[in-house]
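The values are calculated or read from the model by the stated rules, or taken from the named source; none is laboratory data. Treat the numbers as computed from the prediction; the structure is a model and nothing was measured. Cβ: placed from backbone, ideal geometry, glycine included. Neighbour counts: every protein chain shown. Protein only, heavy atoms only, side chains kept; ligands, DNA and RNA dropped before computing areas. Shrake-Rupley method; radii C 1.70, N 1.55, O 1.52, S 1.80 Å.
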Amino acid sequence: MTEANRQTLIASVPDSFDTGPDWLRTLRARAAKTLRQQGLPSKRTEAWRFTPVRSLVNSEFAQNDGEGPSLVSAVPAGVTVRGLTEVLQSQPELLRGRLDFGGAPTHFAALNTAMFRDGLWIDVPAGTIVEAPIEISHVGPSSSEPRVAYPRVLVTAGEGAELTLIETYAGGRAGQLSNSVVEAELGRNAKMSHVRVHESAGLQIGRVDVRQDADSAYRSTVVTLGGALLRFDVRCLLQGKGAECQLDGAYLTDGDDHVDHHTLVEHEAPECRSAQTYRGIVSGKSTAVFDGIVIVHRDAQKTEAHQENRNLLLSDTATIHTKPHLEIDADDVICSHGATVGALDQDQLFYLRARGVPEDFALAMLTYAFVESIVDRVSHEPTRSRMREALLSRIPYGDEIREVT
Amino acid sequence: MLKIQDLHVEVDGKPILKGINLDIEAGQVHAIMGPNGSGKSTLAYVLAGREGYEVTKGSVLYKGQDLMDMTPELRAAEGVFLGFQYPVAIPGVSNIYFLKAALNALRKHRGEEPLDAIDFMKLSKKKAALVQLPDELTKRSVNDGFSGGEKKRNEIYQMAMLEPSLAVLDETDSGLDIDALKVVAQGVNGLRGPDRAMLVITHYQRLLDYIVPDVVHVLINGQIVRTGDKNLAKRLEKEGYSEVRDAAQL
Ligand SMILES: Nc1ncnc2c1ncn2[C@@H]1O[C@H](COP(=O)(O)OP(=O)(O)OP(=O)(O)O)[C@@H](O)[C@H]1O
Ligand SMILES: [Mg+2]
């Protein structure tokens, strides 16, 4: 790799953009302008209060060349997977209006829009039902100097289309940054199951934006296995009547990890349902953050929205910030939210030990049971067992637990 | 098998057991009866090694070893079993798999090879049939969504799987209908033998018609105030505790 130019993230954003279709240049210029005006977030930015991005904002990175997300599964019949650069060169009109559909991005998402070089477009046309998962892998930069990658993925699912997307964020050395944006557009009645596994040692900032038409269903399961600094945002815009989303997450943190999950569900249309369940096991000196917002707009009558975050705090030196909240402007709604931070149940622990299970093993069993319930909701069996394996790899007595489950 | 001498136990600084003496020989079944709050479950928990119980005086010897020095899992490995009065539900931990881990931990302690999946399943089927615990329940999460009676049957099923030397059964009969009671009693009697002993805590003499005890004790206010044979239970059933209370000047 050639010796690349290192700059702070904000300094690397150009003043003008002269390649690509005009609409993309406009998007990039808009993002760059936002960044010049607002800068990158700091502790004083409400939504970034608990995310320690200062050193990252002040560090210098070189942009990583040509290491976009790669497709690691076969492309199922009926589905097209194309490189974004290639489409932008040959048929840019196909993508017009489909990037940044959620409005002008800010902060790191704006940085991605201004800077991304390549990515993938996964298109599942109307009526195409795909059983086999489509899997893409993001391998973080592996250079010895600090590099930043801007993975970008667009998923379009037409009316009645169904797909499963698995994304893995792996590799990435300490100090390397991946700042990703994934956008998904679900047509009427479309269904998408989206599995995301974070197991990179690098710095990871990621955002998923989902726009949902009537009666569509989006189900996200994220498993985060630590991270020096990980910040992951999911936003679902429920724009068509009867759409539903289910956002689930499991995170295990240890050492000096900082893991930060944010969700935002906007109920814009009536009769939509959303449910969020995030569970974390927080050990060592790590910090875990959950911040979930549900906004029910005035016209979104007959909304049903649930939000739950439960944490197991396994050490005195670990920290958890949890903040589920609801903003409701409609009156005919069913909503619930709750958060707990606790230790393992001593009665359960004693029961297992009194039957002969050694203490450490019993602790591990209860810990695993706590997060496994999240992975259990993944309906595709091979995917589910892979995610179980990922969890078991990080839990003490993983082999023994596999043996008895 | 079990020798308890002048055992005093406090919970949160409050004396609960106030000088218990109990001697259970191998092959015997002892019953403990007594009013609510007298300390029966406390005694059971202390024997199983639950935290939060402070032994301030006295000793407990099990097969000649100091039981109080052992972790709960070591006691289990040495053959102590507690059937809980209120078995806890453990969502996400499957009944049968946890039991396999427990049984294999006990076998390891005894220097035996772990049971493989097939032998284990065979054994489980046999024992579940013994206490008429439906197969489906053995596979569910531990006690999760079990009815009161199902939980108690599950305790006996687990006991039958683990084949303890000393079984302490804390009100295993409470909440059981008469047919379930017979089934549970059968399970318990099936385990009786010259090398085993049992301590059966109950409020009802009815259970003792099926599990006939060698010795019956009455525990009141943290002390054993009377000891007799099975007829003592019958008398208590008729007359209540007032007569023993009076005699013990409590
Ligand atoms: N954690 C605790 N803190 C304070 N007191 C306790 C605690 N646990 C038990 N006790 C008290 O100890 C006494 C004995 O309780 P225990 O559960 O042993 O009674 P028991 O004989 O099993 O009663 P029951 O027949 O109702 O099951 C009761 O007065 C109870 O309130
Ligand atoms: Mg009791």
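Here are some notes:
- Coil-residue trypsin sites (Lys or Arg not before Pro) of region A:290-356, DSSP, other Cβ within 10 Å capped at 12: A:ARG298
- Summed side-chain charge close to A:GLU131 - residues other than A:GLU131 whose Cβ falls under 13 Å, Lys, Arg +1, Asp, Glu -1: -1
- If you take all other residues with their beta carbon under 13 Å from the beta carbon of A:CYS236, and give Lys and Arg +1 and Asp and Glu -1, the sum is -4.
- In chain A, the calculated helix contribution to ellipticity at 222 nm averages -6500 deg cm²/dmol per residue, counting -39,500 (n - 2.57) for every DSSP H run with n ≥ 4.
- Centroid-to-centroid separation of region A:220-298 and region A:330-405 [C-alpha atoms, Å]: 18 Å
- Largest to smallest accessible area among B:THR71, A:THR317, A:THR224 [probe 1.4 Å]: A:THR317, B:THR71, A:THR224
- Lacking any other cysteine beta-carbon closer than 4.7 Å, the following Cys residues of the protein assembly as shown have no compatible partner: A:CYS272, A:CYS335.
- Spin-label zone in region B:183-225 - amide nitrogen under 17 Å from a point set 7 Å from the Cα of B:ARG110 along the C-beta vector: B:190-198
- Taking the charge dipole of the protein assembly as shown about its Cα centre, with +1 at Lys and Arg Cβ atoms and -1 at Asp and Glu Cβ atoms, the residue from A:THR51, B:GLY83, A:ALA275 reaching farthest to the positive side is B:GLY83.
- Distance from region A:41-86 to region B:43-75 (C-alpha centre basis), Å: 57 Å
- Charge sum, other residues only, whose C-beta stays under 10 Å from A:HIS380's C-beta, Lys/Arg counted +1 and Asp/Glu -1: 0
- For region A:162-221, a crude dipole built from +1 on the beta carbon of Lys and Arg and -1 on the beta carbon of Asp and Glu, taken about the Cα centre, is about 160 debye to the nearest 20.
- Degrees, to the nearest 10: B:178-191 long Cα axis against longest axis of chain B: 80 degrees
- Per-residue mean of C-beta atoms belonging to partner chains within 10 Å, peptide A:36-44: 0
- Highest-first packing order for the peptide set B:140-147, A:84-91 is B:140-147, A:84-91, based on the mean count of other beta carbon atoms within 10 Å.
- Taking the charge dipole of the protein assembly as shown about its Cα centre, with +1 at Lys and Arg Cβ atoms and -1 at Asp and Glu Cβ atoms, the residue from A:PRO125, A:THR106, B:VAL93 reaching farthest to the positive side is B:VAL93.
- For the protein assembly as shown, the share of DSSP beta bridges that are antiparallel, to the nearest 5, is 20%.
- Eigen-decomposition of the gyration tensor built on the alpha-carbon atoms of region B:2-247 gives equivalent ellipsoid semi-axes of 29, 21, 16 angstrom, largest listed first.
- Restricting attention to chain B, close to 60% of DSSP beta bridges with both partner residues there are antiparallel.
- Angle in degrees between helix B:148-162 and the longest Cα principal axis of chain B, rounded to the nearest 10: 70 degrees
- Rounded to the nearest 20, the Cβ-based charge dipole of chain A about its Cα centre (Lys and Arg +1, Asp and Glu -1) stands at 780 debye.
- For region B:68-107, the gyration tensor built on C-alpha atoms gives an oblate shape. Its axis ratio a/c (a ≥ b ≥ c) is at least 1.5, and a/b is not larger than b/c.
- Per-residue mean of C-beta atoms belonging to partner chains within 10 Å, peptide A:356-367: 6
- Short to long, the 20 Å bins of the Cα pair-distance histogram for chain A hold 27, 59, 14, 0 percent of all pairs.
- For region A:344-405, with +1 on Lys and Arg beta carbons and -1 on Asp and Glu, the positive-most of A:MET387, A:PHE361, A:GLN348 along the dipole: A:MET387
- With a 10 Å cut-off around each Cβ of B:102-112, the average count of Cβ atoms from other chains is 3.
- Dipole size of region B:2-247 about its Cα centre, with +1 on Lys/Arg Cβ and -1 on Asp/Glu Cβ: approximately 320 debye, rounded to the nearest 20.
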